[in-house]
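Visitor: Questions regarding the structure given below will be posed in turn.
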Amino acid sequence: MNLSVCPYYFTENPREMIKFFETLGMVPAVTAGEGYAILKAKSGYLAVHNTLSSNFGLSGEAHLVLMVNRLEEFLKESESKCIDLQVWDEAWGRQAGIIDPSGGGIWINELEHDSYGYVFSESSQEPEDIEVVSVRYSRNFAEDRKFFETLGFVSAPGASSFWEQMSASVNSGWIGLHQIYGDKAPVRVEPGNPVGGSVPLVSLSFQTCIPGENFLKKLRSAGYPAFILRDEIGERVCTTTPDGIKLEVHVSSSAR
């Protein structure tokens, strides 16, 4: 069904957060002033949205959003598979959404083809080796797996009862099902969301084939605090965003 992950990150400091994600290796695909950008990774997308212009996003919060190249084609395919979608009209065109097993209303956006006041990047710069991972804290792996399989996502090898990664293609980015712990939750009740009345929460993570020491140097050179952590999970570069959010970039075993 050609879906990609495009989590929406909400912030009161969009300019600095966009700069931070560019340092990770992403490149802007669509922008609207300094308060909004869709950034492209080698695999997947990420949107940065100013909290002040959002109806229901809270600062430091990320929502699971999916991106499709052509919405009308997706709607026809979904209808043929009896997938229950909510569809409505926005100023920029038709919009779709779907309710996940935890009750979160996932928006399904169409990749921008008409500007509607947005600006498309004219840069020929390609993203570096960075992949977006939307970490979803799951109450039931089997239910979530079945739900995302319906949308064309497939589990990668190495799944466990603690962690499972799913992708729809080499360019789709990843959904990472994570066992719930602490105060983590898959949804937040939000009447402002027209899909389901709750927002689907995710944590942002990334993975790369760039050697950890090289990635560490890049972050520190740009002025961001960072260190390398190696344990039974693997190697990852740990940093803190300008919003004060702790974030990890997992280093592929092929880069070590």
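The values are calculated or read from the model by the stated rules, or taken from the named source; none is laboratory data. Note that the structure is predicted; figures quoted are calculated from it, not measured. Counting neighbours? That spans all protein chains shown, and the Cβs are built from the backbone with ideal geometry, glycine included.
Visitor: Which pairs have Cβ atoms under 7 Å, sit 6 or more apart or on different chains, and link a residue in the range 26-48 that is within 13 Å of L111 (Cβ to Cβ) to one that is of a type in the set (K, R) and surrounded by 19 or more Cβ atoms within 10 Å (Cβ to Cβ)?
Guide: A29/K40
Visitor: Could I ask something else about it? Name every residue in the range 185-221 that is within 19 Å of D243 (Cβ to Cβ) and within 20 Å of the chain's Cα centre (by Cα), in order of residue number. Reasoning before the result, please.
Guide: Applying the first criterion (within 19 Å of D243 (Cβ to Cβ)) to the range 185-221 yields 188, 199, 201-206, 219-220.
Across the range 185-221, the qualifying residues are R188, V199, L201, V202, S203, L204, S205, F206.
Visitor: Another question, then. Scan the range 84-102 for residues that are loosely packed, with under 15 Cβ neighbours inside 10 Å and in contact (Cβ under 8 Å) with a residue 60 or more places away in the chain and jot them down.
Guide: Matches in the range 84-102: W88 only.
To keep it simple, each residue is scored yes or no on (1) β-branched (V, I, T); (2) under 20 Å from N2 (Cβ atoms); (3) out of contact with any helix residue (DSSP H, G or I) (no Cβ under 7 Å at 6 or more places or on another chain).
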| position | (1), (2), (3) |
| --- | --- |
| F147 | no, yes, yes |
| T150 | yes, yes, yes |
| F162 | no, no, yes |
| L177 | no, no, no |
| Y181 | no, no, yes |
| A185 | no, no, yes |
| N193 | no, no, yes |
| L216 | no, no, yes |
| L229 | no, no, yes |
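Visitor: List the pairs whose first member sits in the range 143-167 and is surrounded by 14 or more Cβ atoms within 10 Å (Cβ to Cβ) and part of a strand (DSSP E or B), whose second member is among the β-branched types (V, I, T) and modelled with pLDDT of 95 or more, and whose Cβ atoms are under 8 Å apart, counting only residues at least 6 apart or on separate chains?
Guide: Short answer, once both residue conditions are applied: Q165/V133; Q165/I175; M166/V154; M166/I175; S167/V154; S167/I175.
Visitor: So is P242 at pLDDT below 95 and either β-branched (V, I, T) or touching a strand residue (DSSP E or B) at 6+ places or on another chain (Cβ under 9 Å) (or both) or not?
Guide: Numbers: at pLDDT below 95: no; either β-branched (V, I, T) or touching a strand residue (DSSP E or B) at 6+ places or on another chain (Cβ under 9 Å) (or both): yes.
The answer is no for P242.
Visitor: Can you name the residue in the range 201-235 that is within 17 Å of Q165 (Cα to Cα) and either in contact with a His (Cβ under 6 Å, 6 or more places away or on another chain) or small (G, A, S) (or both) and, of all such residues, is modelled with the lowest pLDDT?
Guide: G234
Visitor: Determine the pairs where a residue that is closer than 16 Å to D243 by Cα, located within the range 50-63, has a partner that is of a type outside the set (D, E, K, R) and in a helix (DSSP H, G or I) with Cβ atoms under 9 Å apart, the partner being 6 or more residues away or on another chain.
Guide: Close Cβ pairs (under 9 Å, with a partner that is of a type outside the set (D, E, K, R) and in a helix (DSSP H, G or I)) amount to N50/P14; T51/P14; G57/T51; L58/T51; S59/T51; G60/T51; E61/T51.
Visitor: Can you work out which of the residues in the range 42-73 that are assigned to a helix (DSSP H, G or I) and either buried (at least 22 other Cβ atoms within 10 Å of the Cβ) or of a type in the set (S, T, N, Q) (or both) is modelled with the lowest pLDDT?
Guide: Narrowing the range 42-73 to residues assigned to a helix (DSSP H, G or I): 51-53, 71-73.
Among the residues that remain, those that are also either buried (at least 22 other Cβ atoms within 10 Å of the Cβ) or of a type in the set (S, T, N, Q) (or both) are: 51, 53.
Values: T51: 94, S53: 87.
If we take residues in the range 42-73 being assigned to a helix (DSSP H, G or I) and either buried (at least 22 other Cβ atoms within 10 Å of the Cβ) or of a type in the set (S, T, N, Q) (or both), then S53 is modelled with the lowest pLDDT.
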